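Remarks on the structure that follows.
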Amino acid sequence: MIRHFIAIVLAAFALHAAAAVDVNQASQAELETVKGIGPGLSTKIVEARKAASFKDWSDMVERVSGIGPGNAARFSQAGLTVAGAAYVGTAPAAAAAKPERAPRSTKADKEPKPAKAPAQ
């Protein structure tokens, strides 16, 4: 009986943690439950929201410094929504951001230098 009660309580907490948080309706404390959003960023979001509700993700990315496409994708994956919608853009991949370099050459790749003729 007690095991069932504990399981139900734990399931309720897990469900609450995975619940969506809408940026236009959430309090500052609720915003901070989203992984990656701390007090500083939640304050910026609430301040920007005072001017007007966010229309969509691009509006929020434009108006809140510290949120770019990469953070927006991570926050959306953690349960944040804007006007009830998840972020549909893609985060830039780390590999795509770095230019591809040519492989380094090794001594074995270089042609051998011609031997010097012995001095006479």
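Values quoted throughout were computed directly from the atomic coordinates according to the rules given, and no laboratory measurement underlies them. Because the structure is a prediction, the values reported are computed rather than measured. Cβ atoms come from the backbone with ideal geometry, glycine included; neighbour counts cover every protein chain shown.
Some observations on this one:
- Hydrodynamic radius of the range 20-91 per Kirkwood, over alpha carbon pairs, in Å: 11.6
- A cut-off of 5 Å between modelled amide H atoms, ignoring neighbours fewer than 5 places along the same chain, links Thr81 with Val21, Asp22, Val23.
- Theoretical FRET efficiency, 1/(1+(r/R0)^6), r = Cβ-Cβ of Thr43 and Ala85, R0 30 Å, to 0.05: 0.80
- Ranked for footprinting exposure by Cβ neighbours inside 10 Å, fewest first, Lys35, Lys50, Lys44 give Lys50, Lys35, Lys44.
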